[in-house]
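Enquirer: Please find one structure pasted underneath; my questions will follow.
The values are calculated or read from the model by the stated rules, or taken from the named source; none is laboratory data. Because the structure is predicted, anything quoted here is derived from the model rather than measured. Neighbour counts are summed over all protein chains in view; Cβ atoms, including those assigned to glycine, are modelled from backbone coordinates with ideal geometry. Note: accessible area is taken over every heavy atom of the protein model, side chains too, but ligands, DNA and RNA are not part of it. Shrake-Rupley method; radii C 1.70, N 1.55, O 1.52, S 1.80 Å.
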Amino acid sequence: MEHRFWQQRWEQSQLGFHLSFVHPILKRHLARYALAPGTRVFLPLCGKTLDIGWLLSEGYAVVGAELSELAVAQLFAELGVEPTMSEWEGGQRWQHGALSVFQGDIFALTPAALGAVDLVYDRAALVALPPTMRDAYARQLVELSGAAPQLLITFEYDPAEKEGPPFPVLPAEVARHYADTHEIEELSRKDVLDAALSFRDAGVSRFVEVAWRLLPRSQGPT
């Protein structure tokens with residue numbers, strides 16, 4: 001899972017993780033967080049997800065982190081806007097209106113550079129990383145966001161049936177990463193094998209998508 005792996009995925013348009021629609025979990029559950037207009041949503045490893053355009057249309061500010069320059073260029077092109085560019089320690093910051101994307105290594109990003117975060121939306125970041133990287137990623141995310149609330153999506157399947165990414169992340173692991181800082185609530189779980197074509201075609205028997213609400217411990221679930 002070196003940087004070159006993901007660069008090649010974008011260069012070769014191997015984008016099975018990119019959805020052609022706004023994620024229904026985001027649309028269904030965002031209201032649970034009672035975010036005020038203009039508040040800031042952080043998308044780690046954001047790619048060019050259509051969720052960004054939807055969040056902007058709903059009146060939120062969006063900040064992303066993405067390794068691939070090609071992905072970020074396609075994101076802004078598909079939004080039909082021309083970004084301004086500036087440097088940060090880990091790469092280039094692309095910005096237009098209420099959207100900012102830090103293109104480069106998320107582990108080089110600092111809370112001071114990122115700025116305030118009101119919600120973390122992790123649709124495809126934790127599950128994109130192998131087990132050896134997920135502990136460090138989760139710690140970095142909590143530090144970057146100041147343990148902000150989080151909408152997290154994970155997958156459950158038998159790794160003996162197919163190798164990720166995306167990788168399976170079970171409830172015990174979610175708790176290991178975040179229980180010290182957040183109250184954890186399972187929002188939904190659904191077998192989406194019929195829509196996960198590469199997993200279905202590989203003979204995977206079940207592919208369960210799980211949505212989680214993580215709230216800072218001082219706030220707790222409502």
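Enquirer: Any idea which residue in the stretch 157-185 is most open to solvent (accessible area, probe 1.4 Å), counting only those that are among the hydrophobic types (A, V, I, L, M, F, W, C) and more than 13 Å from TRP212 (Cα to Cα)?
Expert: The selected residue is ALA160.
Enquirer: Could I ask something else about it? Say whether the condition of being in contact (Cβ under 8 Å) with a residue 24 or more places away in the chain, among the aromatic types (Phe, Trp, Tyr) and open to solvent by less than 30 Å² (accessible area, probe 1.4 Å) is met by at least one residue in the stretch 104-114.
Expert: Scanning the stretch 104-114, I find no residue that is in contact (Cβ under 8 Å) with a residue 24 or more places away in the chain, among the aromatic types (Phe, Trp, Tyr) and open to solvent by less than 30 Å² (accessible area, probe 1.4 Å), so the answer is no.
Enquirer: Residue check: is GLN95 assigned to a strand (DSSP E or B) and open to solvent by 40 Å² or more (accessible area, probe 1.4 Å)?
Expert: yes
Enquirer: Would you please list the contacts, defined by Cβ atoms under 9 Å and residues six or more apart or on different chains, that run from a residue in the stretch 188-199 that is within 15 Å of PRO24 (Cα to Cα) and open to solvent by 80 Å² or more (accessible area, probe 1.4 Å) to a residue that is part of a helix (DSSP H, G or I) and not acidic (Asp, Glu)?
Expert: Matching pairs, first to second residue: none at all.
Enquirer: Take GLU66 and decide whether it is among the acidic types (Asp, Glu) and within 21 Å of PRO149 (Cα to Cα).
Expert: Taking the combined requirement at face value, the residue satisfies it.
Enquirer: Residue check: is THR154 open to solvent by 10 Å² or more (accessible area, probe 1.4 Å), closer than 25 Å to ARG217 by Cβ and among the hydroxyl-bearing types (Ser, Thr, Tyr)?
Expert: No, not satisfied.
Enquirer: Here's another thing I want to ask about it. When the residues of the stretch 170-189 are narrowed to those that are among the aliphatic types (A, V, I, L, M) and assigned to a helix (DSSP H, G or I), which ends up nearest to the chain's Cα centre (by Cα)?
Expert: VAL174
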